[in-house]
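Report on one structure; see the data block that follows.
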């Protein structure tokens, strides 16, 4: 009976996750039909979108979840409602069409782009930093899901970069996990080629690649292919951010080894309460998913340090995401970190102060007074594990005694 009850409870939990994953079914279809209406105070985000999806004949859908024969490129302008009408970290989906730009995201223009013209778009949208931000979405994403989510990230993070989205053939169905996974494999060459062309563009100074969930597998595979083909990853690809990576930890270790020592700087967002990755783990042979590991325990702590990977543990951070799978985009604190440092090409290990204290203060409202760094290390919703932060923690620990020191050592390592 005990085993049967345990089996039932696991399936109930799995179906609960599926119910949340299916929660977007009520959105109107065709949100990418351009509207001529603009709202006072609304912002505009221009995104270059490359896809391996098949074209759709449905107005306002543009591309389906099926696989296209050749990559296609489109420029899309998205209107984001005034700040007073929205919460940072949220996509305000239209309740009906046409959208109300004063309160909801809306599409302003959709322009097909020829391959040669894509380079011109990049050159014309490069900021003074000469940086490009490439985003690769995750499982269960329709084309419009990826476009609006990326526009939200670009706007809310105030990213100083030309925004380029790579969207692969996801059917946008909770029951299409294996199809989506094979679609990432189908898209590896196209993503590798796009990244190579961006790196070869003389005006581009550096590239940050950010991937979410299953898109992390696609991203790391494309970089691995590039390293094998060219002997190394293109030097302009300097930063890779993997948010909630749906990646087998053993496979990731092998991918890193094959990419080699001359690789970009990697930053991971992980959360042990990620319910989507719990389901993925069950589907994938019960092997740990990279986005759900505890970075304070072995062997992960030592392996991350040895590889020079910065890990941001968002487990205690609370957002409105019922699956705890999209915290990187929905938390105002994390979105600000993305724009202020990570997308801007700065690694948290570059800080002379360390960001553990700073983010703890942001998330908690104020830094602790007695033993501030030590207290934040134990209780902060955003725990950052990098050499500078650990060094600052050690200095604080030395001041406040062995009892505090033992607690901190347990949380952040010696």
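The values are calculated or read from the model by the stated rules, or taken from the named source; none is laboratory data. Predicted, not measured: the structure shown is a model, and the values here were computed from it. Positions of Cβ are backbone-derived with ideal geometry, glycine not excepted, and every protein chain shown enters the neighbour counts.
Conditions (1) surrounded by 13 or more Cβ atoms within 10 Å (Cβ to Cβ); (2) touching a helix residue (DSSP H, G or I) at 6+ places or on another chain (Cβ under 9 Å); (3) within 30 Å of residue 198 (Cα to Cα); (4) at pLDDT 90 or above, marked per residue:
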residue	(1), (2), (3), (4)
9	no, no, no, no
40	no, no, no, yes
54	yes, no, yes, yes
87	no, yes, no, no
93	yes, yes, no, yes
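Residue-by-condition table, conditions (1) at pLDDT below 85; (2) closer than 19 Å to residue 211 by Cα; (3) crowded, with 17+ Cβ neighbours inside 10 Å; (4) in contact with a strand residue (DSSP E or B) (Cβ under 6 Å, 6 or more places away or on another chain):
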| position | (1), (2), (3), (4) |
| --- | --- |
| 298 | no, no, no, no |
| 323 | yes, yes, yes, no |
| 329 | yes, yes, yes, no |
| 369 | yes, no, no, no |
Quiz item: Just a yes or no: is a residue in the stretch 97-109 within 21 Å of residue 162 (Cα to Cα) and at pLDDT below 95?
Solution: no
Exercise. Filter the stretch 168-219 down to residues that are over 22 Å from residue 126 (Cβ atoms), within 16 Å of the chain's Cα centre (by Cα) and not in a helix (DSSP H, G or I), then give me how many there are.
Key: 4
Quiz item: In the stretch 246-262, what residues are outside any helix (DSSP H, G or I), surrounded by fewer than 18 Cβ atoms within 10 Å (Cβ to Cβ) and in contact with a helix residue (DSSP H, G or I) (Cβ under 9 Å, 6 or more places away or on another chain)?
Solution: 260, 262
Quiz item: Is there a residue being part of a loop (DSSP other than H, G, I, E, B) and closer than 25 Å to residue 147 by Cβ anywhere in the stretch 287-310?
Solution: no
Quiz item: If you check residue 226 against the conditions, is it touching a residue at least 60 places away in the same chain (Cβ under 8 Å) and either in contact with a helix residue (DSSP H, G or I) (Cβ under 7 Å, 6 or more places away or on another chain) or closer than 25 Å to residue 55 by Cβ (or both)?
Solution: no
